[in-house]
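Heads up, the thing below is written out as structure tokens.
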Amino acid sequence: MDEYLEFTREFFDFTGIDLQSYKRPQMERRLTALRNQLGFSTFKEYMARVRKDPQLLHQTLDKMTINVSEFLRNPERWEALIPHLKTLSAHGPLHAWSAACSTGEEPYSLALVMEEYVRQPYSILATDIDENVLAQAQAGVYRPYQMRSVSESLRRRYFDEVDDTWRVRPRLRAQVTFRKHNLLADAYPTGMSLIICRNVLIYFTDEAKQRVVERFAHALRPGGLLFVGSTEQFLKGYTERLVNVGPFLYQRQS
Ligand SMILES: C[S@@+](CC[C@H](N)C(=O)[O-])C[C@H]1O[C@@H](n2cnc3c(N)ncnc32)[C@H](O)[C@@H]1O
């Protein structure tokens, strides 16, 4: 077995994270770069250190995928979502899940849109595999470049300006529950009206993506929607239970 595969096996035994479910060329390149940067010449040495050093495990998680996010990422997609949110809210509270939420811009964007344009009861579960990004999400403090799609008037209503940063107001923060969750291993919630999963499925192998998409279909209530990222118009053939109902939007059939 080659050295990288051996590493992924040991890494899985140690962390429960299956690196083989991520596209290999990208993942191997990223982890080799980190390994070299840290001065290890083999994955064997690197893994031996990961076992002893929790900080290195965090660094590895950080390198695995890009964590970059921003508020109202692809603003036109969020605008197109508003009528769907109104329909989904028509028969009771909207239960949403922002899966792989990174530093929190995505679930807070949804909370903002619900407050500003929908004004119906809702709850948001926001999850990610990486505890570091979740801690930042919970703090809810953002730099101006992460806010570039948020208008001045929305900023004033939903954020407090503190020095050179924007802090999400407690009322909005209270709507979002953050939790650690591995899309490739952990149990999924059920009864969701909306799942937002953007810019993470692209890292997964086709087999892993298939499994995740099927589990999303199961996690949605009939009529519920899956909102995916702009490079992820992929679902044709993955499951019959999700039907494309708009750009980057899929609906669970009953
Ligand atoms: C590029 S960010 C996406 C953030 C946000 N969804 C967006 O589109 O702006 C990708 C996130 O996926 C998370 N991630 C990677 N593998 C994961 C897994 N197996 N389960 C849950 N989250 C994962 C990473 O920690 C990272 O925060």
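The values are calculated or read from the model by the stated rules, or taken from the named source; none is laboratory data. Computed from a prediction, not measured in an experiment: that's the story for all the values here. For neighbour counting, all protein chains shown are included, and Cβ atoms are generated from backbone atoms with ideal geometry for every residue, glycine included. What goes into the accessible areas is simple: the full protein's heavy atoms, side chains included, and nothing from ligands, DNA or RNA. Shrake-Rupley method; radii C 1.70, N 1.55, O 1.52, S 1.80 Å.
What does the charge count around Leu88 come to, taking other residues whose C-beta lies under 15 Å from its C-beta (Lys +1, Arg +1, Asp -1, Glu -1)?
Details: positive: Lys86, Arg119, Arg221, Arg252; negative: none.
Its environment carries a net charge of +4.
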> How far, in degrees from 0 to 90, does helix 54-64 lean away from the longest principal axis of the Cα atoms of the chain, to the nearest 10?
Replying inline: 70 degrees
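Mind ordering 87-93, 27-33, 102-108 by average Cβ neighbours within 10 Å, highest first?
Numbers: 87-93: 13.6, 27-33: 15.9, 102-108: 26.3.
Ranked by mean Cβ neighbours within 10 Å, highest first: 102-108, 27-33, 87-93.
By accessible area of protein heavy atoms, probe 1.4 Å, what ranking do His95, His58, His218, His181 get, highest first?
Details: His95 80, His58 50, His218 115, His181 20 Å².
Most to least solvent-accessible, the answer reads His218, His95, His58, His181.
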>> Suppose accessible area is computed on protein heavy atoms with a 1.4 Å probe; arrange Phe14, Phe204 from highest to lowest.
In response: Phe14, Phe204
> How big is the gap, in Å, between the Cα center of segment 138-185 and the Cα center of segment 55-95?
Replying inline: 12 Å
> Pulled fully out, how much extra length does the chain show between Ile202 and Leu5, if you take 0.36 nm times their separation in residues and subtract their Cα-Cα distance?
Replying inline: 68.9 nm
>> Using 5 Å bins from zero, what percent of all Cα-Cα pairs in the chain falls into each bin?
In response: 1, 6, 13, 17, 17, 15, 12, 9, 6, 3, 1, 0
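Can you tell me how much longer the chain between Glu79 and Ser254 gets when fully stretched, taken as 0.36 nm per residue apart minus their C-alpha distance, in nm with one decimal? Spell out each step's value before the answer.
On the way: separation 175, 0.36 × 175 = 63.00 nm, distance 2.60 nm.
Gain in length upon complete extension: 60.4 nm.
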> Among all the lysines, which ones have a C-alpha under 17 Å from Lys23's C-alpha, if same-chain residues fewer than 8 places away are not counted?
Replying inline: Lys63, Lys209
>> Can you tell me the orientation of helix 3-15 relative to the chain, as the angle in degrees between its alpha-carbon axis and the longest Cα principal axis, to the nearest 10?
In response: 60 degrees
> Between Gln37 and His218, what length in nm is gained on full extension when 0.36 nm per residue of separation is reduced by their alpha carbon distance?
Replying inline: 61.0 nm
>> Angle check, please: helix 24-37 long axis (alpha carbons) against the longest principal axis of the chain (alpha carbons), in degrees 0 to 90, nearest 10.
In response: 60 degrees
